[in-house]
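Structure first, then comments.
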Amino acid sequence: MLRKLPYGANYLSWAEVPELREAFEDKALFRYITSGESVSSRFERAVEERLGAGHALATHNGTQALRLALVGTRPAAGTPVHIPAVTFVAVAGSVLSCGLIPVPVDVDERFGLDASLLPPDAERVVVAHMEGMVGPLPEGVPYVIEDTAQAMGGRHRDGRHAGTVGWAGTFSFHHAKVLTSGEGGLLTARDQEDWVRLRSYSDHGSDRAHGQYPAWREGSFYGENLCSNEAVASVQLQQFRHLDEILASLERHYALAVEQLPGRPDMRVVPRTEGDVKVSVRVQFDSGELRDRALAALTDRGLPGWTLDRYFLPEHPVLKGRASIYSDGFPWNLDDGSERYRPLSRDGFAGTRDLLSRTLCIPLAPELDKAEQDTYAKELASVLTLL
Ligand SMILES: *Cc1c(COP(=O)(O)O)cnc(C)c1O
């Protein structure tokens with residue numbers, strides 16, 4: 001029987017976390033107090049080298065990485081931030097919790113933000129590479145944040161890694177992602193000066209030297225505490241060492257699954273490009289009714305599957321209700337109804353709503369060996385044939 005979220009947690013192994021033992025023996029789980037180079041820093045270096053990222057910074061989770069990237073653009077309160085209409089609600093939540101207003105932008109057929117809808121003066125755009133599908137980045141926008149929470153290891157068409165091309169990139173190590181430390185995040189920045197500012201914000205606005213109490217200068221801005229933890233970083237480093245193996249196994253499983261899927265005229269596999277992380281097979285049916293039957297049939301057979309319906313932000317309670325924990329409704333109260341806050345879609349999101357209702361995702365399982373993946377692929381094919 002397959003687990004519902006068959007990603008990185010399966011790679012946890014006591015034998016492979018020498019850094020955790022080291023951190024315990026050093027009696028230092030706080031990254032800025034370790035006797036040698038911290039595990040957090042080693043993990044960041046590994047990411048910089050493997051992904052070709054300018055500068056990496058570990059954070060508590062992907063949402064904090066997004067918040068850090070957003071405040072790092074030094075916005076004015078109430079500034080609009082363009083976000084994909086289809087993505088995890090954390091994207092909208094992180095924008096709002098920075099005092100900014102999320103503006104949903106309709107998506108293309110791969111559910112990536114449709115940059116052709118952006119106004120010419122767009123300044124801050126979050127692009128999310130959903131389900132490992134690496135999408136193009138808008139051109140001429142000063143601050144593009146690449147949310148790579150679901151696409152660690154993916155590549156753009158030119159070969160560069162997802163999350164390293166925009167102004168900043170964000171990653172998640174939550175349980176359901178490609179690699180996991182339960183909770184965990186990472187931010188990448190191309191520019192050294194930006195990285196220094198972001199790191200400072202993540203450590204109370206200080207310039208801290210390793211082993212020292214944080215230091216503030218005249219003019220230091222306030223910050224938060226988003227510092228990484230050595231125990232978590234040890235797990236992340238261990239997971240990260242499996243990245244190539246996981247990507248290769250997902251490729252293999254994807255090929256096996258797609259090859260055996262039935263050629264039904266009422267069903268279409270959404271093609272994945274070479275650089276996509278093959279975390280799932282995404283299928284579009286002719287009708288929502290057929291999609292729902294397919295999901296029920298998979299569930300009956302104990303096979304995993306899910307829809308992306310809950311990612312449709314224009315109808316998400318958090319955006320629709322415009323509620324806030326602040327008593328004055330902040331930051332929604334900064335939306336003065338002007339054009340720049342209006343959601344962007346050619347058809348009021350009708351096409352996307354319809355496409356979502358017909359879409360089904362079947363997760364792939366990197367931890368299975370080839371024979372198991374083949375069995376899974378055959379079972380999947382038989383369920384979809386018999387619909
Ligand atoms: C998971 C996820 C996040 C948030 O990451 P956490 O580590 O859970 O905070 C943000 N964006 C997308 C697209 C995600 O899938």
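The figures follow:
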| item | result |
| --- | --- |
| Relative packing of 125-136, 221-232, which averages over residues the other C-beta atoms within 10 Å, highest first | 125-136, 221-232 |
| Region 250-318 - percent relative contact order, Cα under 8 Å, separation 6 or more | 23 percent |
| Overall Cα dimensions of region 7-241, principal axis frame, Å, largest first | 54, 47, 28 |
| Shape category assigned to region 229-331 from the gyration tensor of Cα positions, a/c cut at 1.5 | oblate |
| Mean Cα-pair separation over length for the chain, i.e. relative contact order, pairs under 8 Å, 6 or more apart, % | 22 percent |
| Of Val39, Ile101, Ala56, farthest towards positive along the dipole that unit charges on Lys, Arg, Asp, Glu beta carbons give region 7-241 | Val39 |
| The chain - mean residue ellipticity at 222 nm from DSSP helices (-39,500 (n - 2.57) per run, n ≥ 4, rounded to 500) | -9500 deg cm²/dmol |
| Order of Leu368, Leu100 under a 10 Å beta carbon neighbour criterion, fewest first | Leu368, Leu100 |
| Likely footprinting exposure, Tyr11, Tyr326, Tyr341, fewest C-beta neighbours within 10 Å first | Tyr326, Tyr341, Tyr11 |
| Fluctuation leader among Ala350, Ala15, Ala296 - the chain, Gaussian network, Cα springs under 10 angstrom | Ala15 |
| Burial ordering of His210, His204, fewest other beta-carbon atoms within 10 Å first | His210, His204 |
| For region 176-242 and region 277-355, distance of Cα centres in Å | 31 Å |
| Among Trp306, Trp216, Trp167: highest mean-square fluctuation, GNM of the chain, C-alpha pairs under 10 Å | Trp216 |
| Share, in percent, of DSSP beta bridges within the chain that are antiparallel, nearest 5 | 60 percent |
| Dipole magnitude of the chain about its Cα centre (Cβ charges: Lys, Arg +1; Asp, Glu -1), debye to nearest 20 | 360 debye |
| Compactness of region 59-171 - radius of gyration and Dmax, Cα, Å | 12.5, 36 |
| Pairwise label distance in nanometres, Arg264 with Arg217, each label 7 Å out on the Cα-Cβ vector | 6.3 nm |
| Dipole in debye (nearest 20) - region 1-119, about Cα centre, beta carbon charges: Lys, Arg +1; Asp, Glu -1 | 280 debye |
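Every number in this text was worked out from the coordinates using simple rules, so none of it is lab data. Because the structure is predicted, anything quoted here is derived from the model rather than measured. Backbone-built Cβ (ideal geometry, glycine too); neighbour counts: all protein chains shown.
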